[in-house]
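So the structure is just underneath, and the comments pick up after that.
The values are calculated or read from the model by the stated rules, or taken from the named source; none is laboratory data. This is a predicted model, so every value here is computed, not measured. Cβ placement follows ideal geometry from the backbone for every residue including glycine, while neighbour counts extend to all protein chains displayed.
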Amino acid sequence: MTSSNSPISMIIDCDPGHDDAMALVVAARHANVLGVTTVAGNAPISATTRNARIVLDMIGSTAPLHQGAHRPLVAPPRDASYVHGKSGLDGADLPKPSRPADSEDAVGFIIDTCRAIEGVWLVPTGPLTNIALALRSAPDIARRIAGISLMGGGSFGNRSAAAEFNVWADPEAAAMVFEYGGKLIMSGLDVTHKLQATPQRIAKVRALPGQLASVLADLFVFFSDVYVSRHDNMQGGAVHDPCAVLALTHPQLFTTKPQHVVIELNGEHTRGMTMIDQRGLIERLNPNCEVVWDVQAEEAFDVIVQAIGHYSK
Ligand code: RIB
Ligand code: CA
């Protein structure tokens, strides 16, 4: 909520993606979603856009949907089908999308909206290609937006030992975002791995009435099965993307620290790493980012459950 107690206005830039889907539900419930833009990431752009439309249909959202970048700025296109499946949203019986995206100009939509409305939050939950392209084409929006709250990075990786997928997929875009100079909140793996869709938590979703809850519970089960089968000590899928939304709508549930973060572009083994300066120096590099380190997981997951329940009738 803003100081005037009105919902925060935001544009969600996403690559649905199981956890992106949950982020869209939470944002619809607790924020003023000015629009949704899609980017290639978990799956090719046609799939992430199709999935975004399906999720918006399922919650009855009329938010504008604009398709964005089909590939990173420099890196080759690579997806995360090993986590999200070939469709990008495997594991549930989903309805067909009602219609295509409203345009294929996500970047133009971001620029036009941020020029027309002051104080918009950009909330990217996939590779940062669209956000970087918007900032490069329209540097003036950097001073007009309220800030960027992203899911990405961390003190460890998941696509490599050093790099988290969203930053790893398009490191050049990430570097442009981390250097843009405005407010930046980074929900990385350090916090998202503390918000797991355990069987007990998924049961709360399953217990809700309505078709949407059943479908989202199935998606949670698919997503969690992948995580539990790939990690030696996880009890459920790391619910990454809702953290980028909740850090704005429910900041009281999170612990953050202002720190300097830089993106590694050239390391043979570390390309895509978010190097967080954690040294306790009196004279330290100027922080460019609020790094999110901790979450009240039970309360945060209950917000997700309540948001699903709001739309699942
Ligand atoms: O590393 C996790 C991130 O990559 C999440 O945004 C997930 O949806 C995938 O895009
Ligand atoms: Ca995502």
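Observations, loosely collected:
- Hey, Leu253 within 16 Å of ligand 1 (Cβ to nearest atom) and crowded, with 18+ Cβ neighbours inside 10 Å or not: no
- Filter result (charged (D, E, K, R), more than 16 Å from the chain's Cα centre (by Cα) and more than 21 Å from Ile263 (Cα to Cα)) within region 176-221: Arg201, Lys204, Arg206, Asp218
- Of the strands (runs of 3 or more DSSP E) lying entirely inside region 117-236, the ones with 2 or more residues being touching a residue at least 60 places away in the same chain (Cβ under 8 Å) and surrounded by fewer than 24 Cβ atoms within 10 Å (Cβ to Cβ) are found at 184-187.
- Residue match in region 239-260 (condition: part of a loop (DSSP other than H, G, I, E, B), more than 20 Å from Leu216 (Cβ to Cβ) and in contact (Cβ under 8 Å) with a residue 60 or more places away in the chain): no
- Subset of region 270-313 that is more than 22 Å from Asn166 (Cα to Cα) and of a type in the set (D, E, K, R) - its residue that is farthest from the chain's Cα centre (by Cα): Glu283
- Once region 1-36 is narrowed to residues that are within 14 Å of ligand 1 (Cβ to nearest atom) and in a strand (DSSP E or B), the residue that is surrounded by the fewest Cβ atoms within 10 Å (Cβ to Cβ) is Ile12.
- The condition (being modelled with pLDDT of 95 or more, touching a strand residue (DSSP E or B) at 6+ places or on another chain (Cβ under 9 Å) and either more than 24 Å from Thr192 (Cβ to Cβ) or of a type outside the set (S, T, N, Q) (or both)) is satisfied by just one residue among Val107, Val74: Val107.
- Qualifying residue in region 271-288 (condition: away from ligand 2 (no atom under 16 Å from the Cβ) and in a helix (DSSP H, G or I)): no
- Subset of region 74-90 [within 17 Å of Thr125 (Cα to Cα) and buried (at least 18 other Cβ atoms within 10 Å of the Cβ)]: Asp79, Ala80, Val83, His84, Gly88, Leu89
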